[in-house]
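Taking it in order: structure first as structure tokens, then the write-up.
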Amino acid sequence: MSTVLLISVTLLVNVLLLGAVVAWGAWIVYRGRRQRDRTRLLKGVLIWLLLGVPLLGALWPQIAYLWTEALWFGHFVRNGAPAEYENVFWRVLGDFWKVFLAYGSLGAGFLLLNVLVASRVCPLRSEFHHWARYRTRLAHRLLALGALGIAVGLAGMLTVRWEEFALARVYRHGVGRVPAVLKLLPGQAGTFEHPFSLSGLYPKDPLREDLERLDRLIASVAEELIEPLPLIRLHQEETPGTVKPSRTPPHYTLQGYLLPVQRDPQEHSTVYRLSLVLAGPTVLEKAQPDETLPERERIRRQRTGQNYVKYLTLSTLVERESLDQAVRSMLVELTQSRYLRNGFSDPIFHRNVGYYLFEFPRDQWVSLWAKLLLWATIGLIALQYRFYYHRDSHSMLAAVRGVTVHLAVLWILLLLVGIWRSQMASLGLLYARPSPIKSGRVPFGISYVDFVQIGAFRVYMVFLLILCLILAINTIRRDRRLWVGSLIAWMGGWLLILWVYPAAVYLFKVRPNPLRAERAFLENHMAMTRHAFGLEAVEQTDAIRKLASFEDVMRHPEVLQTVQLWDRRVIWERIQQSQTIQRFYEFSPFPDVDRYWINGELRQVIIAGREVNPNRLANREWFTKRLKYTHGYGVVMAPVNEAEDPGVPIFWIRGIPMQYASIPGFNLRVRRPEIYYGELTQRILPGQH
């Protein structure tokens, strides 16, 4: 697809050059006819013939190439019906040029508007027309050409990232947003910090009945409130009997707590402290001291450094009869909180995790485009006012007054874009790597110093906003000392707030005891990693490792029946020779050894995934990498201790489409054979750069 985009660019350049040649020749022919000058007429015709005809001839191969590509995309068939890939082809071209035209026209309009404003601020007086008119026209033409060149260059910078704009548009339509999965846990007596057991209570105790009532209330109200919300889903337990149950863990857990505060046995009334606790990896709250604890216990907790907690608690005092209304109001508040309303979000900024994959890259590039556009405008306008200053005596005074206000307005816009860039930089810290002012304990993502730097970015944004107000006021006062002071404050604030302060926090707070400061953020890192790979659903068992004795082996004869006889390097060669099927498929040279229950026995098998090797693709065009060969397919499975003559594995799963062994009790089936990310394919799409 890169070749197609390049051809479309050259086609547009040829069309523009052809239009310029035709207009140039037409102007010369028009002048020749008006002046009855045959030389000019001949010159215009020669321009058309010598320049226009070759350019016109160069258009046809380019148009034919694009049309042939569209026809080639259109001949594909999927599931017996046309795949309509030609629509994808034209849509990609449309997205490419939409980005260029949108930001190119916006940048050119902004630059030309500033040039026009500056020209109106410093008009040419009539008494200077006879000697300054030609130079002024030439300067304006050069400025216009410079503005168009800058706009085209900046738009080209964004056009290269057209895929990120397409992904952002898809995200705005709701695709890519990850819903939050909420699991309801049984209610507990007490509080989240101090739960207590119900073993000492009678079976008919009112507290037991109220806890059961609380569970029913939470379940019914949650189902009623969450069902219409697209970004929140209730966790459904796996039903028994499925071949391969889903192991997707819930993102959050919700649990209710009842603590009896006051009970009147005669009137049968009870006042409870009702608490709803939302817990999950993306809840990171500043811990508040528990007022119910003794003062000594609170001081001890503060000294242990428990600064952040992984839960959010809503608590209120409620009578037994008002439990229904209290649960409803608290659940409404929870569903509208920043932790749930955006779906599954990050624990720092509480944005949906899909935003960082689909929309955040686009926002970064657009903010950079705005920053570069403003700097280019400041440079271009400064050159324009410098020309006016030296053009004539009248323009000298107007240029001095105009440049002060004009550049001040551009400076304010630059500071506002700086606020936007600071927000993007703070969001980008989620991708942060270890740096000289980080402890290195958190390999990727937010660390304690990054968390401090986020606060520094917010202070810096407020600081920039104050500078904008000062500059806006100074456009009226025009005090030179305020201009210089604002510039020095801008540079000094950037250095002190964004760099010196985080470095000082690292040196004096984090470096002496990094684990204490980084504990909450290390937990974030591990929790999000477990969620990303679905590791929270893995069952952990404690195994005692020791050397097996002869008696142990004799007591467990099944161990000898599944001893691995195949060397993994040898069986990989056999798999590679017989099961790659196509030249672009490949198996990892290190097949995995796993165990499965087959016919009531735990059998040890060798299993390998058939992946796409991007380096083996004959054609590495955009279509090939992103629409055709996007994933591997299926697995190969063989027992570790069986073979056919001469040295061929007995495959239980093989081939495309996958074929399964017809042995008693073998009911393993692969439900999703697609392999988008594996041991060889370490990018989401093969060959993506």
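The values are calculated or read from the model by the stated rules, or taken from the named source; none is laboratory data. Values in this document were obtained by computation on a predicted structure and should not be read as measured data. Neighbour counts are summed over all protein chains in view; Cβ atoms, including those assigned to glycine, are modelled from backbone coordinates with ideal geometry. Side chains included, ligands, DNA and RNA excluded: accessible areas come from the protein's heavy atoms. Shrake-Rupley method; radii C 1.70, N 1.55, O 1.52, S 1.80 Å.
When the residues of the stretch 497-532 are filtered to those that are more than 16 Å from Asp450 (Cβ to Cβ), in a helix (DSSP H, G or I) and of a type outside the set (A, V, I, L, M), the one that is least open to solvent (accessible area, probe 1.4 Å) is His531. Kindly check whether there is at least one residue in the stretch 30-48 that is modelled with pLDDT under 85, over 22 Å from Leu148 (Cβ atoms) and outside any helix (DSSP H, G or I). Yes, the stretch 30-48 contains a residue that is modelled with pLDDT under 85, over 22 Å from Leu148 (Cβ atoms) and outside any helix (DSSP H, G or I).
Scanning the stretch 127-149 for residues that are surrounded by 13 or more Cβ atoms within 10 Å (Cβ to Cβ) and closer than 26 Å to Thr159 by Cβ yields a total of 7.
Which ones in the stretch 69-91 are in contact with a helix residue (DSSP H, G or I) (Cβ under 8 Å, 6 or more places away or on another chain) and either in contact (Cβ under 8 Å) with a residue 60 or more places away in the chain or surrounded by 15 or more Cβ atoms within 10 Å (Cβ to Cβ) (or both)? Before you say what the answer is, go through the steps one by one.
To start, the set of residues in the stretch 69-91 that are in contact with a helix residue (DSSP H, G or I) (Cβ under 8 Å, 6 or more places away or on another chain) comprises 69-71, 73-74, 76, 82, 84-86, 88-90.
Across the stretch 69-91, the qualifying residues are Glu69, Ala70, Phe73, Tyr85, Glu86, Val88, Phe89.
Among all residues of the stretch 415-422, there is none that is open to solvent by 20 Å² or more (accessible area, probe 1.4 Å), polar (S, T, N, Q) and assigned to a helix (DSSP H, G or I). Take the conditions in contact (Cβ under 8 Å) with a residue 24 or more places away in the chain, of a type in the set (A, V, I, L, M, F, W, C) and either part of a helix (DSSP H, G or I) or out of contact with any Lys or Arg (no Cβ under 6 Å at 6 or more places or on another chain) (or both) and apply them to Ala548. Does it pass? In short, no. Within the stretch 14-26, the set of residues being surrounded by 13 or more Cβ atoms within 10 Å (Cβ to Cβ) and free of Cβ contacts under 8 Å to residues at least 24 places away in the same chain comprises Ala20, Trp24, Ala26.
Given the criteria surrounded by fewer than 16 Cβ atoms within 10 Å (Cβ to Cβ), free of Cβ contacts under 8 Å to residues at least 60 places away in the same chain and of a type in the set (Val, Ile, Thr), does Val160 qualify? Answer is yes for this residue.
For the criterion of being surrounded by fewer than 14 Cβ atoms within 10 Å (Cβ to Cβ) and either free of Cβ contacts under 8 Å to residues at least 12 places away in the same chain or closer than 30 Å to Asn87 by Cα (or both), Asn613 fails.
This table checks each residue for (1) at negative phi; (2) aliphatic (A, V, I, L, M).
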position: Leu6; (1), (2): yes, yes
position: Gly25; (1), (2): yes, no
position: Val29; (1), (2): yes, yes
position: Arg36; (1), (2): no, no
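Pairs are defined by a Cβ separation below 6 Å, a sequence spacing of at least 6 or placement on different chains, a first member in the stretch 656-670 that is within 14 Å of Arg603 (Cβ to Cβ), and a second member that is not small (Gly, Ala, Ser); the pairs so defined are Ala661/Trp652; Pro664/Asn599; Gly665/Ile598; Gly665/Asn599; Phe666/Ile598. With respect to being open to solvent by less than 60 Å² (accessible area, probe 1.4 Å) and modelled with pLDDT of 80 or more, Gln564 falls outside the description.
From the list Leu124, Leu66, which one is open to solvent by less than 50 Å² (accessible area, probe 1.4 Å) and outside any helix (DSSP H, G or I)?
Leu124
With respect to the conditions (1) over 26 Å from Val160 (Cα atoms); (2) open to solvent by 20 Å² or more (accessible area, probe 1.4 Å); (3) in contact with a helix residue (DSSP H, G or I) (Cβ under 8 Å, 6 or more places away or on another chain), Gln577 lacks only one, and its number is (3).
Can you pull out the residues in the stretch 585-610 that are among the hydrophobic types (A, V, I, L, M, F, W, C) and either surrounded by 12 or more Cβ atoms within 10 Å (Cβ to Cβ) or under 36 Å from the mean Cα position of the chain (by Cα) (or both)? Break it down stepwise before answering.
To start, the set of residues in the stretch 585-610 that are among the hydrophobic types (A, V, I, L, M, F, W, C) comprises 587, 590, 593, 597-598, 602, 605-608.
Those that are among the hydrophobic types (A, V, I, L, M, F, W, C) and either surrounded by 12 or more Cβ atoms within 10 Å (Cβ to Cβ) or under 36 Å from the mean Cα position of the chain (by Cα) (or both): Phe587, Phe590, Val593, Ile598, Leu602, Val605, Ile606, Ile607, Ala608.
Restricting the first member to the stretch 496-508 and to residues that are over 16 Å from Glu518 (Cβ atoms), and the second to residues that are part of a helix (DSSP H, G or I) and aromatic (Phe, Trp, Tyr), the beta-carbon pairs closer than 9 Å and six or more apart or on different chains are Ile497/Phe457; Ile497/Tyr460; Ile497/Phe463; Leu498/Phe457; Leu498/Tyr460. Please tell me if Pro639 is more than 16 Å from Leu680 (Cβ to Cβ) and crowded, with 16+ Cβ neighbours inside 10 Å. For Pro639, the condition - more than 16 Å from Leu680 (Cβ to Cβ) and crowded, with 16+ Cβ neighbours inside 10 Å - is met. Please count how many residues of the stretch 223-251 are farther than 21 Å from Asn352 by Cα and either at pLDDT 60 or above or open to solvent by less than 50 Å² (accessible area, probe 1.4 Å) (or both). Going through the stretch 223-251 one residue at a time, the tally reaches 3.
It is to be established whether one or more residues within the stretch 468-487 are more than 25 Å from Val409 (Cα to Cα) and either without any contact (Cβ under 8 Å) to a residue 40 or more places away in the chain or among the basic types (Lys, Arg) (or both). Among the residues of the stretch 468-487, not one is more than 25 Å from Val409 (Cα to Cα) and either without any contact (Cβ under 8 Å) to a residue 40 or more places away in the chain or among the basic types (Lys, Arg) (or both), which makes the answer no. Residue count for the stretch 333-368, restricted to those that are under 18 Å from Thr529 (Cα atoms), open to solvent by 30 Å² or more (accessible area, probe 1.4 Å) and part of a helix (DSSP H, G or I): 2.
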